[in-house]
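S.K.: Quick one: the structure is below, and I'll ask about it shortly.
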Amino acid sequence: MSAEMRSNFLRTQIQDDLDTDRVSAVVTRFPPEPNGFLHIGHAKSITVNFGLAEEFGGQCHLRFDDTNPEKESQEFIDSIQEDVRWLGYEWHGEVRYASAYFEQLYEWALHLIEQGLAYVCDLSPDEARAYRGTLTKPGQDSPYRARSVVENRDLFVRMRLGEFNDGERVLRAKIDMASPNINLRDPILYRIRHADHHQTGSDWPIYPTYDFAHGQEDVIEGITHSICTLEFEDHRPLYDWFIENLPVPHRPRQIEFARLKTSYTVTSKRKLKQLIDEAIVEGWDDPRMPTISGLRRRGYPAAAIRHFCEEVGTSRSDSVVDVAMLESAVRDELNRHAPRAMCVMRPLRLTLTNLAEPLKLQVPNHPVDQSFGHRELVLDAELFIDEDDFREEANKHFKRLVIGKRVRLRGGLVIEAESCDKDADGAVQCVYAKCITAVPGDDPADGVKPKGVIHWVSADRAIPATIREYDRLFSVSDPGKAEDLSAVLNQDSLTTNTTAMVEPGLVTAEPEDVYQFERQGYFVADRYEHHSERPVFNMTIGLRDTWSNPNG
């Protein structure tokens with residue numbers, strides 16, 4: 001864990017709570033709503049909650065705040081659990097659900113009614129908004145605020161029994177309609193929803209709001225520190241009001257920190273769903289999505305995501321982090337841990353005119369780390385090189401193959417181009433070259449060294465592959481501000497290459513195996529569509545940041 005993570009203000013406050021015996025052990029929670037896939041912002045919250053619990057020898061719960069059944073599904077529940085585990089964390093005990101506490105929450109709502117602190121309100125949503133007031137104008141009491149305890153209890157019980165239609169009535173807390181904090185202006189505690197729930201079926205025709213349920217869930221589970229993002233800061237007085245006015249056995253402490261926002265990214269679930277609904281992306285796990293499953297499918301290592309979240313640090317100031325920082329963490333991780341391989345994206349045939357017999361080569365799988373070992377490649381007389389690596393004529397800045405000039409084949413011999421064949425349109429079809437050296441790694445005896453190194457594959461042994469070259473989905477740094485997301489899309493965010501050829505050893509690559517394709521970038525075998533008969537690789541990231549350095 002980095003020094004920044006160790007010294008963040010959350011750690012300081014938790015340490016103070018332990019030192020002053022306010023708590024004897026640390027219990028945190030990660031409480032996602034199962035209404036979508038987790039994204040990079042959630043990854044930050046996961047590392048904070050699980051990381052702090054781990055650092056202080058405590059526990060972290062995974063709890064689904066499943067109080068809105070119309071937008072929730074088992075698919076989201078399953079994906080969230082998989083994402084948390086993939087990031088390298090394990091929650092304490094069983095998976096928890098707000099729905100498991102519905103009976104207790106209902107009893108506590110009855111308690112508020114009996115204490116004269118909650119009432120059933122019949123205002124329509126539009127009427128309720130009008131009565132609520134504004135940031136500069138206090139609200140007005142609902143005409144139903146003066147209902148008796150007996151009437152409120154009767155109506156609420158009947159709501160529970162399913163006697164009323166959706167939206168006909170709500171249960172509200174009785175706090176202060178003139179409060180400068182709008183969250184305290186008699187907030188809704190329960191609303192009527194005749195909707196089946198993925199955990200409780202049709203048992204409940206009423207559902208608690210997030211604001212009412214969240215703090216009480218923390219109480220039930222013995223959470224000591226309810227760590228939220230800053231948008232919940234104005235909700236903290238309400239969080240505390242419920243705890244102060246209910247017979248709860250325990251009092252958690254809510255602390256807020258700034259959520260993680262990255263450039264060139266949207267994380268609004270509504271906007272992410274829009275991208276899916278409009279078929280801009282293929283789904284929640286499209287490799288261009290900022291979802292954890294999307295980043296995983298693109299080949300981003302879990303360790304790089306964790307490192308990025310820790311390096312960003314934790315503060316109370318909203319800011320936007322350059323997504324290049326995440327991409328840099330990915331490059332650093334993969335540079336150390338990805339084996340090397342060769343892939344020719346746009347094959348151009350190269351004939352070695354004086355290579356009498358195939359030459360077996362032992363090529364290192366990593367340029368520095370010897371523990372990766374070696375692989376055997378066969379250098380044949382017929383090869384494929386990338387068409388961008390050859391020109392008939394070029395200036396001195398072109399460090400690749402030119403007629404009359406030399407290059408070294410990666411892991412192999414030094415060659416010199418002699419001539420080329422063209423089609424009727426003048427496009428080069430085949431390049432002819434002679435071998436200048438006979439032993440891999442040797443320099444030419446005449447002292448004329450090669451201008452560069454190019455990659456290659458054997459024309460007869462290489463296997464065809466589908467390569468998906470991915471880039472950032474948006475062309476502007478703050479796409480969330482755009483009225484029309486389609487207007488700020490990067491039209492080159494996905495290019496599918498079906499002509500690529502990869503070295504034969506990649507036929508054994510397993511889904512999610514990541515490689516550095518020499519001189520191209522990092523690529524991952526697709527976790528769903530890759531198979532040995534037809535390999536499919538997704539581009540994880542290029543070797544350089546071409547956004548801040550367009551010529552790089």
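The values are calculated or read from the model by the stated rules, or taken from the named source; none is laboratory data. Since the model is a prediction, treat every value here as computed from it, not as a measurement. In this analysis, Cβ positions are derived from the backbone assuming ideal geometry, glycine residues included, and neighbour counts consider all displayed protein chains.
S.K.: Does the stretch 39-83 hold any residues that are crowded, with 23+ Cβ neighbours inside 10 Å and either of a type in the set (Val, Ile, Thr) or without any contact (Cβ under 8 Å) to a residue 60 or more places away in the chain (or both), and which are they?
M.R.: Ile40, Ile46, Thr47, Val48, Phe50, Ala53, Cys60, Leu62, Phe64, Thr67, Ile80
S.K.: What about Ser179, is it outside any helix (DSSP H, G or I), farther than 12 Å from Tyr190 by Cα and in contact with an Asp or Glu (Cβ under 8 Å, 6 or more places away or on another chain)?
M.R.: On the way: outside any helix (DSSP H, G or I): yes; farther than 12 Å from Tyr190 by Cα: yes; in contact with an Asp or Glu (Cβ under 8 Å, 6 or more places away or on another chain): no.
No.
S.K.: So for the stretch 114-125 (the condition being within 20 Å of Asp218 (Cα to Cα), touching a residue at least 24 places away in the same chain (Cβ under 8 Å) and surrounded by fewer than 21 Cβ atoms within 10 Å (Cβ to Cβ)), does at least one residue qualify?
M.R.: Start the filter on the stretch 114-125 by keeping residues that are within 20 Å of Asp218 (Cα to Cα), which leaves none.
Looking for residues that are within 20 Å of Asp218 (Cα to Cα), touching a residue at least 24 places away in the same chain (Cβ under 8 Å) and surrounded by fewer than 21 Cβ atoms within 10 Å (Cβ to Cβ), one finds none in the stretch 114-125, hence no.
S.K.: Look at Gln59 and say whether it is over 20 Å from the mean Cα position of the chain (by Cα) and among the polar types (S, T, N, Q). Walk me through it before giving the result.
M.R.: Working: over 20 Å from the mean Cα position of the chain (by Cα): yes; among the polar types (S, T, N, Q): yes.
Taking the combined requirement at face value, the residue satisfies it.
S.K.: Enumerate the pairs (first residue in the stretch 465-483 and on the phi > 0 side of the Ramachandran plot; second residue anywhere and surrounded by fewer than 16 Cβ atoms within 10 Å (Cβ to Cβ) and at pLDDT below 95) with beta-carbon separation below 9 Å, excluding pairs fewer than 6 apart on the same chain, so at least 6 apart or on different chains.
M.R.: Listed by first residue and then by second, the contacts come to nothing, as the list is empty.
S.K.: Tell me yes or no: at least one residue of the stretch 164-186 is without any contact (Cβ under 8 Å) to a residue 24 or more places away in the chain and under 33 Å from the mean Cα position of the chain (by Cα).
M.R.: Within the stretch 164-186, none of the residues are without any contact (Cβ under 8 Å) to a residue 24 or more places away in the chain and under 33 Å from the mean Cα position of the chain (by Cα).
S.K.: Given the criterion assigned by TED's automatic domain parsing to the domain that holds Pro358, surrounded by fewer than 19 Cβ atoms within 10 Å (Cβ to Cβ) and small (Gly, Ala, Ser), identify the matching residue among Ala445, Ala487, Ala433, Ala482.
M.R.: Details: Ala487 fails: assigned by TED's automatic domain parsing to the domain that holds Pro358; Ala433 fails: surrounded by fewer than 19 Cβ atoms within 10 Å (Cβ to Cβ); Ala482 fails: assigned by TED's automatic domain parsing to the domain that holds Pro358.
Just a single option satisfies the conditions, and that option is Ala445.
S.K.: Run down Asp234, Asp285, Asp277, Asp240 and say which single residue is buried (at least 16 other Cβ atoms within 10 Å of the Cβ) and of a type in the set (Asp, Glu).
M.R.: On the way: Asp234 fails: buried (at least 16 other Cβ atoms within 10 Å of the Cβ); Asp277 fails: buried (at least 16 other Cβ atoms within 10 Å of the Cβ); Asp240 fails: buried (at least 16 other Cβ atoms within 10 Å of the Cβ).
Exactly one of Asp234, Asp285, Asp277, Asp240 is buried (at least 16 other Cβ atoms within 10 Å of the Cβ) and of a type in the set (Asp, Glu), namely Asp285.
Here's the yes/no breakdown for (1) out of contact with any Lys or Arg (no Cβ under 6 Å at 6 or more places or on another chain); (2) among the polar types (S, T, N, Q); (3) closer than 17 Å to Leu87 by Cβ:
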| residue | (1), (2), (3) |
| --- | --- |
| Ile276 | yes, no, no |
| Asp285 | no, no, yes |
| Leu295 | yes, no, yes |
| Ala303 | yes, no, yes |
| Glu327 | yes, no, no |
| Met345 | yes, no, no |
| Thr351 | yes, yes, no |
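S.K.: OK, next. Can you tell me how many residues within the stretch 118-156 are in a loop (DSSP other than H, G, I, E, B), more than 11 Å from Lys174 (Cβ to Cβ) and touching a Phe, Trp or Tyr at 6+ places or on another chain (Cβ under 8 Å)?
M.R.: Filtering the stretch 118-156 for residues in a loop (DSSP other than H, G, I, E, B) gives 122-124, 133-148.
Checking the rest, the ones that are also more than 11 Å from Lys174 (Cβ to Cβ) come to 122-124, 133-140, 143, 148.
Subset that is touching a Phe, Trp or Tyr at 6+ places or on another chain (Cβ under 8 Å): 122-123, 139-140.
The qualifying residues number 4.
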